[in-house]
Amino acid sequence: MGSAVALAAALFKVKAHVFMVRASYYAKPLRRYLMQMYGAEVHPSPSELTEFGRKLLRENPNHPGSWVSQ
C-alpha cells in the first residue's frame, strides 16, 4: 500500500509521508528504499512524529508497531 501511495504522490507531484509498521520498516529495507526513490519520506510506526506514537514509545521503546505482534 505504501509503495502505491509513494508512486501516486510522485506522479501527481505531491509530498508523501508513509508510515510503515516498525517491524516491516526494518525487515523490508528494499521496499522502504523504493518508496524513498519515488520521493516519499518513510517513517517507522509508531514514531515520535505523532502524539499517539510518542505515547506508545514511552510505554515500550521497542514497540513493533503491530498489535498482533505483541
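Every number in this text was worked out from the coordinates using simple rules, so none of it is lab data. Please read these numbers as outputs of a predicted model, since none were measured by experiment. Cβ placement follows ideal geometry from the backbone for every residue including glycine, while neighbour counts extend to all protein chains displayed.
Structural remarks
- Sorted by Cβ neighbour density within 10 Å, fewest at the top, the residues S45, S3, S24: S3, S24, S45
- Gain in span if fully extended, A10 to E48, counting 0.36 nm per residue against the direct Cα distance: 11.2 nm
- Between the residues A16, S47, N62, the greatest Cα displacement towards the positive end of the dipole of the chain, with unit charges on the Cβ of Lys, Arg, Asp and Glu, is found for A16.
- Compared with the alpha-carbon gap, the fully stretched path from H17 to Y33 is longer by 4.4 nm at 0.36 nm per residue.
- Loop-located trypsin sites (Lys or Arg not before Pro) in the chain (DSSP state not H, G, I, E or B) with no more than 10 neighbouring Cβ atoms inside 10 Å: K13, K15.
- Relative to the longest principal axis of the Cα atoms of the chain, the long axis of helix 2-11 makes an angle of roughly 30 degrees.
- Each Lys and Arg Cβ is given +1 and each Asp and Glu Cβ -1; about its Cα centre, the chain then shows a dipole of about 120 debye.
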